[in-house]
Amino acid sequence: MQYWLMKSEPDVWSIDQQKKAGAKGVPWDGVRNYQAANNLRSMKKVLAIIFNDVHLKTGNEDEVYESTKYMVKYAVDNGIKNLIFAGDLFDSRTQQRLKVLQTFDKMLELFNTNGLTLYLFPGNHDKTLYTSADSFLDVYKHHPSVKFNRELKNIVLEGVSIDLLPFFSTELLVPMIENAKGGDILISHFGMDGSNHLGHVSKNTSITKKLLSKWNKVYLGHYHNYHEISEDIVHLPSFRQESYGEDNVKGFSLLFEDGSYELVKGKFREYLKLTIDLNESNNKEITNLITLHSNSEQKVRFEFRGTQEQFKALDKSQFKDTGIDIKSKYNEVYEVEVVEPSKIIEKYSKDQIMESFKEFCDDKGYDYKEGSIMVKEFLNR
């Protein structure tokens, strides 16, 4: 057993207060020294790494695998044996392409080779029907490194009770939550009253803080930007940054034996958006920015603000072969300019069109579900 000698001013935390708290004590939030904070953290046992919202799809397979290798190395270096995946391994809800499946197979072998156990349950993107327990993940339940659940399941790690709840439609999810016993921790994948998706706050009154109060801590995937709904209910960040609309606080989370957590930034290619006012920036300044960000390791977008005439007058040829995406905003209307005039127009499949439409909705914060109905109707004509 390790102990710490704590020094505190009486008006901050007195001996009488400590006696009153008893053996249970209270969390100490007075650490201001970096080394002291690290030492305190090292005294807490990590139960598992939680990661979520990988959105593995055509085009990001290699980057996802590199991010996974970084997480596995962190786990091995720190003696962590358990991984809990909180939904949305895949991006497409309709079908998974060969390289996508091969990449997840490589990830599983990486877990297995390093002696890691993966607790796996589906999110909404891993399903074709939200009213069914079936998902694309069902076929991995026999893998030696996987402990899979398609319905509410309780696991116990180092004496800590953890409920793992897959995604379902709200009408099915609510009675599952109501009938659950509750306990130490719930890890799941859904939105609720107060969830914030790219600035849009959910008013889902079916799932509330009161409904989830039977658990001491609740950790959720689903919405990609990290935010706290309350002190005890948290949307954990997605595994990687997937669009310009998302922030770059991404990676995985350490779950400690006391139910607390800590975010660890992962390894991924970041999206960087620079806003340039054409009324204030001259050509030389823009050229300097292009030089600075050309062929960057980041995905870079210049968003120009001004009139249509100013944007049309901009020399767009200087962006060719720089890897920089450009966009204009004027009169609350967005336009995307193709910066590679010589690029051959490709024939897109229906699935590719839907995937591109989803990325567009995610970037803008639009309702993909509602819009996808109209797009599908158009494509099926």
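On full extension, the segment bounded by Leu379 and Ser281 gains 31.1 nm, given 0.36 nm per residue less the C-alpha separation.
Between Lys329 and Asp77, what FRET efficiency follows from the Cβ-Cβ distance if R0 is 51 Å, with the result rounded to 0.05? Efficiency at R0 = 51 Å is approximately 0.70. Annotation: amide H-H contacts under 5 Å for Leu186 (H modelled 1.01 Å from N, sequence separation of 5 or more, or interchain): Asp163, Lys217, Val218, Tyr219. Can you check what the net charge comes to around Thr103, using other residues whose Cβ is under 9 Å from the Cβ of Thr103 (Lys, Arg +1; Asp, Glu -1)? That sum, taken over residues with Cβ under 9 Å, equals -1. Computed over the range 46-265, the range of Cα coordinates on each principal axis works out to 41, 37, 33 Å, biggest value leading.
The long axis of helix 98-113 is offset from the longest Cα principal axis of the chain by roughly 30 degrees. On C-alpha positions alone, give me the angle between the axis of helix 170-179 and the longest principal axis of the chain, in degrees, nearest 10. The angle comes out at about 10 degrees.
Taking every DSSP bridge with both residues inside the range 46-265, close to 45 percent are antiparallel.
I want the antiparallel fraction of DSSP beta bridges within the chain, as a percent rounded to 5. Once the DSSP bridges in the chain are tallied, antiparallel ones form about 40 percent. When Rg and Dmax are taken over the Cα atoms of the range 175-297, they come to 19.4, 64 Å. Full extension of the segment from Glu158 to Glu9, taken as 0.36 nm per residue of separation minus the current Cα-Cα distance, would add 50.2 nm.
Grab the other residues whose beta carbon is less than 13 angstrom from that of Ser135, score K and R as +1, D and E as -1, and report the net. Net of charged neighbours comes to -1. Modelled label positions at Glu297 and Asn114, each set 7 Å beyond Cα in the direction of Cβ, lie 1.9 nm from each other. Take the Cα of Ser206, go 7 Å toward its beta carbon, and the backbone nitrogen atoms of the range 181-199 under 12 Å from that spot belong to 191-193. Normalised by 2.2 N^0.38 Å, where N counts its residues, the alpha-carbon radius of gyration of the chain equals 1.12. Between 0 and 90 degrees, the angle of helix 283-293 with respect to the longest Cα principal axis of the chain falls at about 50 degrees. By the Cα gyration tensor, the range 269-334 has an equivalent ellipsoid whose semi-axes, rounded to whole angstrom, run 19, 14, 10 from largest to smallest. Averaged over residues, the count of other Cβ atoms within 10 Å places the peptides 120-131, 150-161, 232-243 in the sequence 232-243, 120-131, 150-161, highest first. The mean sequence distance of close C-alpha pairs (under 8 Å, at least 6 residues apart), as a share of the length of the chain, puts its relative contact order at 12 percent. Rounded to 0.05, the FRET efficiency of the Ser260 and Lys350 pair, given R0 = 45 Å and the Cβ-Cβ distance, is 0.50.
Rule-based calculations on the coordinates, nothing more; no lab input. Because the structure is predicted, anything quoted here is derived from the model rather than measured. Here the Cβ is made from the backbone with ideal geometry for all residues, glycine too, and neighbour counts use every protein chain on show.
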